[in-house]
1. Identify which of the listed values of Cα Rg over 2.2 N^0.38 Å was calculated from the structure shown: [x] 1.13; [y] 0.96; [z] 1.21.
2. Which cross-chain or sequence-distant (5 or more) residues have an amide H under 5 Å from the amide H of VAL274, H modelled 1.01 Å from N in plane?
3. Which entries in the list LYS184/LYS348; LYS348/LYS428; LYS184/LYS312; LYS97/LYS420; LYS184/LYS428 go over 18 Å, if you measure between the two C-alpha atoms of each?
4. Going by average Cβ density within 10 Å per residue, which order do the peptides 299-307, 374-382, 186-194 take, highest to lowest?
5. If each of LYS301 and LYS97 carries a label point 7 Å out from its Cα toward its Cβ, how far apart are those two points in nm?
6. Give me the net charge for the shell around LYS83: Cβ to Cβ below 11 angstrom, other residues only, Lys and Arg +1, Asp and Glu -1.
7. When a footprinting reagent is the concern and you count Cβ atoms within 10 Å, what order do GLU10, GLU159 take, fewest first?
8. Among TYR455, TYR361, TYR227, which comes first, second and so on when ranked by fewest other beta-carbon atoms within 10 Å?
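Every read-out reported here was derived from the displayed coordinates using simple, explicitly stated rules and does not represent laboratory data. Note that the structure is predicted; figures quoted are calculated from it, not measured. Glycine gets a Cβ as well: all are built from the backbone with ideal geometry, and neighbour counts include every protein chain shown.
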Amino acid sequence: MGKMETAVAEILIVEDEVAHAEAMEEGLSRLGHRCTVVHDGESAVARLAGQPFDVIVTDLMLGKGPSGLDVLEAAQKHQPAAKVILVTAHSSVDTCKQALQRGATDYIEKPLDLDELRVVVQRAAEETAQRRLIRDLKQQLDEKYGFENIIGHSKEMLEILQAARRIAKSDLPVLILGESGTGKELLANAIHVNSNRADGRFVAINCAGLSETLLEDELFGHVKGAYTGATTDRPGRFEHADGGTLFLDEVGDMPLAMQAKLLRVLENGEVVRVGANEPVRVNVRIISATNSDLTTKVADKEFREDLYFRVKGATLEIPPLRTRRQDIPVLISHFLKAAGEAHGGKVKTTSSDLIRVLTAYPWPGNVRQLRNVVENMSVLAEGDQLTVDDLPPEIHRRPEEIAGAQLGELAGISLEEAEKQLIRNTLKMVSGSRERAAKILGIGERTLYRKIKEYGLKE
């Protein structure tokens, strides 16, 4: 997976030793970052209250006045999205470890290694830029409709959101591909909400499992007396969605005879209710979804080619969760928070073993299955932390079993090479985030950074 473009960040450097401050400023400015330098904690706190920053690099000990921990506290109060990196002498490492628990991103020991500083700051800047992009996309795609349930930090999902944002304002038909549970209807709803038809209705119908007769009645409606039991006129889904969006879920399972009738409506914009003669004009945008391979169905004469090209328009494909595992920890955190708000649960955290198990699981039901599992665990848990003991039976594989399944292909190589491959693969899985990689691997970020340098790995 490719990296995002190099992020340029607004950086606040807090260092009471002028020479050290100048060295840090010069080293970071060479990467294109815009640096603001202050030499005491009081000035730093004042800056944080009125000027936005992406990354704060602060010495832990700042002489008189507020310390680096006070700067951390001020950053969390005024700029919670910013990353805080502490610089410390070896004697204060324990204090920095406490700061990590209080929300700091990382710490660097003196004497300062400028290469290490650049790597740590650049990673923090990229994470901040990525989270800002995700936040902006969430705002544009209206979080209240649950679109955040398919959002992650993966490059694939960001690209889908960017494409959806561009597509939303047009009237093009949209075809959404993806396995069951990936969030196709959520994506369709978000496109509607952000379209010029947002004031109209979003009407959904599942085309799978319905006979031609029933599906025709659902889509086109009927007039009184059209058949036994038709005691009143009833508009169909097309009329109900007039001026808005009609979502045809599992369109690939629509009966062939019904496909011909749907094609006529899409071509002339008119529906005829069952039992009627006069057509009714409708103005509807069509968004379709399927977990089938429509090109194969077309080749097998199971789906009309002319209808395929009519519904295809713009195409979006949501990847299955197992191919974007770096999103799983993000989704777990979101679902855990949502479950607490909905059910009053007291669970706040998850164990690293649980994250490893859930990240390794293949999730055949995709995001929907993950949401259900996390919600059920949250409701049934006795403590305030979820562990592997809270897993449902179908997923309850011990960490050692997961490790055995994942590392089987590493047999016959040295422990050093196995560790190197494991770190490389984990960093790739989490898009280079040392914070998430260290949590999954069960080691400290400092230890991980040393091993990255030792093995010459590119993050």
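1. Of the labelled values, this structure produces [z].
2. Counting only residues 5 or more places away or on other chains, the set is GLY221, HIS222, VAL223.
3. On the way: LYS184/LYS348 29 Å; LYS348/LYS428 27 Å; LYS184/LYS312 15 Å; LYS97/LYS420 25 Å; LYS184/LYS428 26 Å.
Too far apart for the 18 Å limit: LYS184/LYS348; LYS348/LYS428; LYS97/LYS420; LYS184/LYS428.
4. 186-194, 374-382, 299-307
5. 7.2
6. Working: positive: ARG123, ARG131; negative: ASP54, ASP106, GLU126, GLU127, GLU435.
Taking every Cβ under 11 Å from that of LYS83, the sum is -3.
7. On the way: GLU10 17, GLU159 11.
Lowest to highest Cβ neighbour count: GLU159, GLU10.
8. Going from least to most buried by this count: TYR227, TYR455, TYR361.
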